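One structure is given here, and the rest of the page talks about it.
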Amino acid sequence: MKIFCTGASGYIGGSVAAKLVTAGHEVIGLSRSETADEMIRQIGATPLRGSLDDRDILQAAARDADMVVNSAHADHVGAAEALLEALEGSGKKFVHTSGSSLVGQRTQGKLSEEIFDEDTPVSPSPARVARVALNKTILASKERGVHPIIVCPSLIYGLGLGADPHSMQVPWMIELARKFGVGKHIGAGENIWSNVHMSDLVDLYLLAIEKAPAGGFYYAENGEMSMKELAENISRMLGFDGKAEAISMADAEAEWGEGPANDTMASNSRVRGVAGRALGWAPSAPSLMEEIEKGCYVGFGK
């Protein structure tokens, strides 16, 4: 198939695009720069210069392709609506990348017992109301002759492709631990995020592309860990004897910004990928703990 992929030079999109090329598909990757052009060519895809704000370019590429993978921005309403409009009535697949912070709860490092699967209703925090609304719009496009699918990753770890081969949470915590010489977590650090290895996530994308029905929604997770446990594992990896200490909410906001500190690093986001496993997804990559102890994070930031 000919597949148009936004975010093809990024962490998720580049990894998915490379796997699609390996599987024999022709991939056209949206690119904003010469550097991105070269990265897209390196994975065997063809760059198309443009941005998420270039409505005409997006729509022409979507109409010319057999399907679209939108992995550049979970919350870019204009791009999603432009692509859906171009695909209307075609029956083509539109695979959108969301993120499990949509179920996130601002708890300032305290534990939440709530766990969500694909059938659990979501009452989003104010920061994620727009994301949940966009997801509903995308899934409803099946009534307009589109075949929408949403993949919703939890905390992603492991090496990917793209300009930055890492997701943000684990590197942020490694950098903070190096800065202070001890693992750091916000408050009690009891807050938990589900997580998924990049290689397992890419497998879910390809499985969803092949088998997912119109309107399919899939959480991607294969384990969970509290931020305190994550800080302790990072501390051991860095040679700090597993010692971890609390950082205040104010200091965390100074490090990462108000939104990321509250909606990512101090929140709970606990999901279960029931629908993906029912589709046949069988994640098997190393756990987050294994990746920190002896994988791609060893020596990170030196």
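The values are calculated or read from the model by the stated rules, or taken from the named source; none is laboratory data. Quick caveat, the model's predicted, so the values are computed rather than measured. Cβ: placed from backbone, ideal geometry, glycine included. Neighbour counts: every protein chain shown.
Can you go through Leu52, Leu111 and tell me which one is over 20 Å from the mean Cα position of the chain (by Cα) and among the hydrophobic types (A, V, I, L, M, F, W, C)?
The conditions single out Leu111.
Can you tell me which residue among Lys184, Lys179 is buried (at least 16 other Cβ atoms within 10 Å of the Cβ) and outside the structural domain of Ile12 (by TED's automatic domain parsing)?
Lys184
Does region 77-90 hold any residues that are surrounded by fewer than 16 Cβ atoms within 10 Å (Cβ to Cβ) and not acidic (Asp, Glu), and which are they?
Val77, Gly78, Gly89
Is it the case that Arg55 is closer than 28 Å to Ser101 by Cβ, out of contact with any Lys or Arg (no Cβ under 6 Å at 6 or more places or on another chain) and at pLDDT below 95?
Taking the combined requirement at face value, the residue does not satisfy it.
Does region 113-128 contain at least one residue that is of a type in the set (Ser, Thr, Tyr), assigned to a helix (DSSP H, G or I) and surrounded by fewer than 17 Cβ atoms within 10 Å (Cβ to Cβ)?
no
Condition (residue is of a type in the set (A, V, I, L, M) and not in a helix (DSSP H, G or I)) applied to region 277-290: is it met by at least one residue?
yes
Residues in region 191-244 that are under 22 Å from Phe116 (Cα atoms) and not in a strand (DSSP E or B): how many?
Here the count works out to 21.
Out of (1) outside the structural domain of Ser33 (by TED's automatic domain parsing); (2) in a helix (DSSP H, G or I), the odd one out for Gly162 is which?
Result: Gly162 passes all but (2).
Just give me the residues in region 129-154 being of a type in the set (S, T, N, Q), assigned to a helix (DSSP H, G or I) and either closer than 25 Å to Asn262 by Cβ or in contact with a strand residue (DSSP E or B) (Cβ under 6 Å, 6 or more places away or on another chain) (or both), in sequence order.
Selection gives Asn135, Ser141.
Could you list all residues from region 204-238 that are closer than 30 Å to Lys142 by Cβ and either crowded, with 23+ Cβ neighbours inside 10 Å or in contact with a Pro (Cβ under 7 Å, 6 or more places away or on another chain) (or both)?
Selection gives Leu204, Tyr205, Ala208, Ala212, Ala214, Gly215, Tyr218, Tyr219, Ala220, Glu221, Asn222.
Is region 57-65 home to any residue that is of a type outside the set (A, V, I, L, M, F, W, C) and part of a strand (DSSP E or B)?
No, there is no match, as no residue in region 57-65 is of a type outside the set (A, V, I, L, M, F, W, C) and part of a strand (DSSP E or B).
Which of the following residues is without any contact (Cβ under 8 Å) to a residue 12 or more places away in the chain and under 30 Å from Ser267 (Cβ atoms): Glu34, Glu113, Glu81, Glu38?
None of the others qualify; the one that does is Glu113.
Within region 243-302, how many residues turn out to be closer than 26 Å to Asp164 by Cα, surrounded by fewer than 18 Cβ atoms within 10 Å (Cβ to Cβ) and among the basic types (Lys, Arg)?
Going through region 243-302 one residue at a time, the tally reaches 2.
Among (1) among the β-branched types (Val, Ile, Thr); (2) buried (at least 20 other Cβ atoms within 10 Å of the Cβ); (3) over 16 Å from Leu206 (Cβ atoms), which single condition is Thr46 missing?
Checking Thr46 against (1) among the β-branched types (Val, Ile, Thr); (2) buried (at least 20 other Cβ atoms within 10 Å of the Cβ); (3) over 16 Å from Leu206 (Cβ atoms), the one that fails is (2).
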